[in-house]
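Working notes, beginning with the structure itself.
The values are calculated or read from the model by the stated rules, or taken from the named source; none is laboratory data. All values derive from a computational prediction rather than experimental measurement. With ideal geometry, Cβ positions are generated from the backbone for all residues, glycine too; neighbour counts draw on all protein chains shown. To get the accessible areas, we keep the full protein, side chains included, count just its heavy atoms, and leave off ligands, DNA and RNA. Shrake-Rupley method; radii C 1.70, N 1.55, O 1.52, S 1.80 Å.
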Amino acid sequence: MNDAPVASVESMREYYARRAAYYERVYFKPERQADLRAMEAWLTAPFSGRDVLEIACGTGWWTPHGAREAASWLATDLNAETMALARGKPLLESVRFAELDAYTLDGLDARRFSGAFAGCWWSHVPLARLAPWLALLHARLDSGARVVLLDNAFVPTSSTPLSRRDAEGNTYQQRTLDDGSVHEVLKNFPTRDEAIARLGPRARECEWIAYEHYWVLSYLLS
Ligand SMILES: C[S@@+](CC[C@H](N)C(=O)[O-])C[C@H]1O[C@@H](n2cnc3c(N)ncnc32)[C@H](O)[C@@H]1O
C-alpha cells in the first residue's frame, strides 16, 4: 500500500452526488438486513425529546428512525443531490434540511442542540480531521447532549476490499459507479478503542454496539 494525498472534500462531494440516485442499494444487501432492522429500531429512543443535528444525512436512510420521537431534527449534507432524495421521503414536520459542510458548519445559525447523529460519516473523515471535526460538532451541543455515530464494520465477504493505506493510517477503496467511473474513496474501519479514544474530553458513558456489518457508538457530552 503506497501513499497519496488524502481524499478531498470536493472528491467526496462529487462521488456521492454522482451516486445519489442509487446510493440506497447498499441498504438492500441481503446479509445486512438483520443488522439494519435492529439498528433502525434502536435509533429512536436515544433522541426522544431532543433537538438533533444530523451530519451528512445523505438520502436520509436513518433520518425517519432517529427523528421519530425527537423534538426537532435538522438533517444536513453538503450535497443537494443526496438531500433531494431525503426531502422526498414522508417525514415528520419536525424534520428540516440544510446544505452544510460538516467540516465548517458554516451557515448554521447560533442555536445549540441536545443531540447529534452521523451515519456512515466517521469512516470518511481522514484520521487527522477527526479531532477538529468532533470539536466543531461538540461546540454546537449542550452539556448532556446525546451523540450517536454509526458506521460500517469491515466484513471481507460483504465490504469493498481495501486498496491501500496511507502514511497516517487512513485506508482506501476503489469504487466503480454505474457510469463506469472509478473513485478512490477514503474509508476507515476503527476498532471500539480507537473510536472512543478520538472522542475527546467531553465524552462520557460511551457505549459501543458491535453488529456484524456495522458499529454504533453512543455517548453523552459533559
Ligand atoms: C456514506 S454517505 C452517508 C449518508 C447517510 N448518512 C447514510 O448513512 O446513509 C456520506 C454522505 O456524506 C456527504 N458528504 C460528503 N462530504 C461532506 C461534507 N464535507 N459535509 C457534509 N456532508 C458531506 C455525502 O454527500 C454523502 O451523502
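Rg over Rh for the stretch 57-108 works out to 0.95, both radii taken from alpha-carbon positions and Rh defined as the Kirkwood radius.
At 1.4 Å probe size, with the rest of the protein present, what percent of the exposed accessible area of the chain is carbon and sulfur atoms? Carbon and sulfur: 54 percent of the exposed surface of the chain.
Averaging the Cα positions of each part gives two centres, and for the stretch 82-102 and the stretch 157-198 these lie 26 Å apart.
When N is the residue count of the stretch 145-222, what does its C-alpha Rg come to as a fraction of 2.2 N^0.38 Å?
1.30
Projected onto its three principal axes, the C-alpha set of the stretch 1-126 covers 46, 41, 26 Å, listed from the longest axis down. About the centre of its Cα atoms, the stretch 61-117 shows a dipole size close to 240 debye [charges on the beta carbon of Lys, Arg (+1) and Asp, Glu (-1) only; nearest 20 debye]. With R₀ set to 45 Å, the beta-carbon distance separating A45 from L162 gives a calculated FRET efficiency near 0.85.
Restricting attention to the stretch 102-184, close to 45% of DSSP beta bridges with both partner residues there are antiparallel. In summary, the convex hull built on the alpha carbon positions of the stretch 139-190 has an orientation-averaged projected area of 6.1 nm².
Principal axis extents of the C-alpha atoms in the stretch 97-195 (largest first, rounded to whole Å): 41, 34, 25. For the chain, the spherically averaged projection of the C-alpha convex hull amounts to 11.6 nm². For the stretch 141-222, the list of GluC sites (Glu not before Pro) that fall in a loop by DSSP and count at most 15 other C-beta atoms within 10 angstrom reads E168, E212. Using C-alpha pairs below 8 Å separated by at least 6 residues, the relative contact order for the stretch 42-131 is 33 percent.
Each Lys and Arg Cβ is given +1 and each Asp and Glu Cβ -1; about its Cα centre, the chain then shows a dipole of about 280 debye.
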